[in-house]
Amino acid sequence: MAEPGLTVEHSAHSRGVRYHNRLSYTDFLEHHLLTNTPCLIGPQLTASWRARTLWAPPPSSSIFARLTELYGDQRVSVAFCDERDFSDQRREEMLLREVMERHWAPGDEDGPVRGEKVYVKDWHLALQLAQEKGDLSPEAHEPFYETPDLFKDDWLNGYYTAHTNDDFRFVYAGSAGTWTGLHRDVYRSYSWSTNVFGRKIWRLFPPSSIPLLHSDSSSSGPAGELAYDVRDVDQTRWRSFEKAHEACIVVVQEEGETIFVPSNWYHQVENLTDCISINHNWANSVNLLELYDAMKVEVSTVSESLADVREMLKESGGEDWEREWSAVVQDLCVKDAGWGWHTFFSMLLQALSSTFSPADSSPPVSSIALDTSSPTATSASSPPPFPPAPPSLHPPLPYILSTAKQVLDDFETSRADELRWCEGVAGLVRRARGLVGRAEETGAEGSGTPS
């Protein structure tokens, strides 16, 4: 039976998604983070956002015209949704005003000037505006919105905004019918996405359905290929996809609403109307083990693909061949996945430092060695633009310690060679271990699982 005041799609406890008009952090942690289940949250969550009024178009104008008026000289990444490029859509960089002139400007009755379905994706607008001002303070970084309290416990953006010229905070803008193919988010991170204007439809697949989303062995293609578009699947190759379809959760997201997508959930998204959204990829102690497992899989995959290189280095007889081999693997991980063990443990160390370390007894966040594998780092003296969450907005300290210890214990035992040979990683692990030990000694006691 539908919840009062909700559309059929929203009421879809029948489809497996809860809808919240309001949601406390405690309930969000218990019912969605710890259970790794999606939800929709009503417009009240982001009602105070300046973007709701700043980006609102005047009568008879489009949402894209107003966006272009404000940010037309910003460079953006544009996906051409009707043109496949391997497992993605063809991408092209251009100024936002060029997107407007070529693709969004009113045309004939058939639609935009060129009739192409173009989608501005992964637009780092907040970061671009802050860098233009030369001010990395929180106020400069988020001039048109504020991260909702539910999502402020964010180790990923906390590290990247403090130590690199990159982040995982995006604006998306696309016309009706534009879409993003089936994928899971970077590093198996969480994501949240708010429709500032427009409506979307989401197709969500729980982790248990992942094997069903990949092709079987056949004469027409290799096994293990991820389905590209779940609306059009060749069931002679994806013979188990019907079972994945049965597990799929379909959610219509209305204007003003926010969706939470958990770790390791594949999803495909389509704009039902012209749409502008703000979204983050993010991570914290609750999905730390997912990120760690994703990193282990990436390293193993890269290592297997370079087995011949390993043998060549080993046969060369050099004293440091293992160190050289490790550097080759980590370099390719960074190129392929965007990070390696150094970034991962730098992020963990910063998060533990900001959570547990008293200012007078432990290195401050800004003293963490900058990750040279990441884009050009910001000054270590800059104030952190994405401050750590207060205690009321993160899990209990024993839980954070427990997940951190699981990662450190496993890495020290099962990845001993990488601990030894990956440049700089042993020092990061040692410092993280020290922070955990001191936190345990000074009173982070109790159960490791939130009640």
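The values are calculated or read from the model by the stated rules, or taken from the named source; none is laboratory data. Here the structure is a predicted model, which is why all the values come from computation and not from measurement. Cβ placement follows ideal geometry from the backbone for every residue including glycine, while neighbour counts extend to all protein chains displayed. Calculation scope for accessible area: heavy atoms of the full protein, side chains included, ligands and nucleic acids excluded. Shrake-Rupley method; radii C 1.70, N 1.55, O 1.52, S 1.80 Å.
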Notebook entry, point to check: Can you give the accessible area of Phe28, probe radius 1.4 Å, in Å² rounded to 10?
Noted result: 0
Item checked: Part-to-part distance (alpha-carbon centres) for the range 161-222 and the range 57-111, which is given in Å -> 20
Item checked: Label point 7 Å beyond Cα of Leu95 along Cβ direction - residues of the range 65-82 with amide nitrogen under 20 Å -> 65-79
Next item on the list: Go from 0 up to the bin containing the longest alpha carbon distance in the range 145-247, width 10 Å each, and give me the % of pairs per bin.
Entry: 11, 34, 30, 20, 5, 0
Next item on the list: At 1.4 Å probe size, with no ligands or nucleic acids counted, give the accessible surface of Glu418 in Å², nearest ten.
Entry: 40
Next item on the list: Please work out how much length the chain gains when fully extended from Ile201 to Ser414, using 0.36 nm per residue of separation minus the C-alpha to C-alpha distance, in nm with one decimal.
Entry: 72.5 nm
Next item on the list: Mind giving me the FRET efficiency for Asp293 and Asp82? R0 is 35 Å, r the Cβ-Cβ distance, nearest 0.05 is fine.
Entry: 0.50
Item checked: Ordering of 243-253, 87-97 by packing [mean C-beta count within 10 Å, highest first] -> 243-253, 87-97
Next item on the list: List the lysines whose Cα lies under 27 Å from the Cα of Lys200, skipping any in the same chain that are fewer than 8 positions away.
Entry: Lys117, Lys121, Lys152, Lys243
Check: Any idea of Asp274's accessible area? Nearest 10 Å², probe 1.4 Å.
Finding: 60
Check: Put Thr178, Thr413 in order of accessible area, largest first, 1.4 Å probe: what do you get?
Finding: Thr413, Thr178
Check: Rounded to the nearest 0.05, what FRET efficiency do Lys133 and Lys335 have when you use their Cβ-Cβ distance and R0 = 35 Å?
Finding: 0.65
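Rounded to the nearest 20 debye, what is the charge dipole size of the range 185-264 about its Cα centre when +1 sits on each Lys and Arg Cβ and -1 on each Asp and Glu Cβ?
Values: 8 positive and 11 negative charges, 22 e Å.
The dipole magnitude comes to about 100 debye.
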Notebook entry, point to check: Once the Cβ-Cβ distance between Ser62 and Glu324 is put in as r, and R0 is 60 Å, what FRET efficiency do you end up with, to the nearest 0.05?
Noted result: 0.65
Note to self: Run the simple label-point estimate for Ser392 and Arg430 please: 7 Å along Cα→C-beta, distance reported in nm.
What the structure shows: 4.0
Margin query: Please compute the length gained on full extension between Leu306 and Arg102, using 0.36 nm multiplied by the number of residues separating them and subtracting their Cα-Cα distance.
Written below: 69.1 nm
